[in-house]
1. Would you rank TRP229, TRP97 by solvent-accessible area, highest first, keeping every protein chain in place and using a 1.4 Å probe?
2. Between beta-carbons, use under 13 Å as the cut-off and find the net charge around ALA200, counting Lys and Arg +1, Asp and Glu -1.
3. Just want to confirm a number: the relative contact order over the range 77-212, from Cα pairs under 8 angstrom separated by 6+ residues, in percent.
4. Among residues other than GLY157 whose Cβ falls under 14 Å from its Cβ, what is the net charge (Lys/Arg +1, Asp/Glu -1)?
5. Work out from phi, with θ = phi - 60° and the Karplus expression 6.51 cos²θ - 1.76 cosθ + 1.60, the ³J(HN,Hα) of each residue of the range 143-156, listed in order in whole Hz, and give x for Gly and Pro.
6. From the gyration tensor of the Cα coordinates in the range 71-146, what semi-axes in whole Å does the equivalent ellipsoid have, largest first, with each one equal to sqrt(5λ)?
7. Between THR38 and ILE170, what is 0.36 nm times their sequence separation minus the Cα-Cα distance? Round to one decimal in nm.
8. How large is log10 of I(q)/I(0) for the range 177-252 at q = 0.15 Å⁻¹ when the intensity is taken from the Debye formula with one equal scatterer per alpha-carbon?
Amino acid sequence: MPLLASGSITAQDAVSAAPVYQVLSESTVQQKDGSSVTFLQVLPPVVSPQAKPPAAAFAVPLTAAQEAVLSQVPVQETQMLSISASVHADGFTVLHWTCGTSQRLHAVTNVDFRALAGLGQVKTEQTDYVLILSAGPDEQNLTPAEAQAAQLLPADGGTAFALVADTTAIGPADQSALDVMELLLAYYDAHKAELMQQQAQRATDQAARELAARNAPPPPPRHSIIHFWPLQPAQRAAIQENAQRQKGASQP
């Protein structure tokens, strides 16, 4: 069976380097929904040479005054804040999160973190935290350690979190992770009404998208064309040589 190569060319490539195909054979496969895939065996395409890229602009050196101004701009550190939030029906959310060099911390909070799903970043004067939040419902019961931590939360419902006992000893690297969690809860307290409204709107939008998808007419048939061509002798020889080399390396 001959080795084959295939290729696809984007619209942008087609403008700068339009391929020229010489068709050797053609076959079409019809799908049940009316779609079709046409296979065209062609000679290796001839692509016109691409235009040379424009010369790069030369950087203009800064003046002493400009350098002085830039030196006064505070440099803000960027850290990744990754949170996994499991929302339980009893009103508690189990948190696992990391930040910077901190270990994965484990806590229970009385905040439904789904309300924070639209928040992409948290900023302080020194640090810009990029937030990656995964929040969703969890039908499982709290573990005994998590239930014990939940009992430490304020009885009056005040926003807080409590570390679970199985979290290992907190070290200096974890302090920023604890601080940013406090910052998130403070942000939730200050914007609770707005966040709840945004959460409700996201749920409404999601329901509307699902309804529209169910009621949408089936997509029209698609007709695709795939070009393929035999590998050149040098390419075939290189592939076979590489296969022999790997086979030899695998033998004791």
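1. Details: TRP229 40, TRP97 0 Å².
Ranked from most to least accessible, the order is TRP229, TRP97.
2. On the way: positive: ARG114, LYS192, ARG202; negative: ASP112, GLU194, ASP205.
Net of charged neighbours comes to 0.
3. Values: 214 pairs, mean separation 36.1, N = 136.
The normalised contact order for the range 77-212 reaches 27 percent.
4. Numbers: positive: LYS192; negative: ASP90, ASP112, ASP156, ASP189.
Net of charged neighbours comes to -3.
5. Going residue by residue, I get 5, x, 5, 5, 4, 5, 5, 4, 5, 7, 6, x, 5, 7 Hz, with x marking Gly and Pro.
6. Numbers: eigenvalues 172, 33, 14 Å².
Largest first, the range 71-146 gives 29, 13, 8 Å.
7. Numbers: separation 132, 0.36 × 132 = 47.52 nm, distance 6.18 nm.
This chain segment gains 41.3 nm when fully extended.
8. Taking Cα atoms of the range 177-252 as identical point scatterers yields -0.76.
The values are calculated or read from the model by the stated rules, or taken from the named source; none is laboratory data. Values in this document were obtained by computation on a predicted structure and should not be read as measured data. Virtual Cβ from ideal backbone geometry, glycine too; neighbours counted across all protein chains shown. Accessible surface areas use protein heavy atoms only, side chains included; no ligands, DNA or RNA. Shrake-Rupley method; radii C 1.70, N 1.55, O 1.52, S 1.80 Å.
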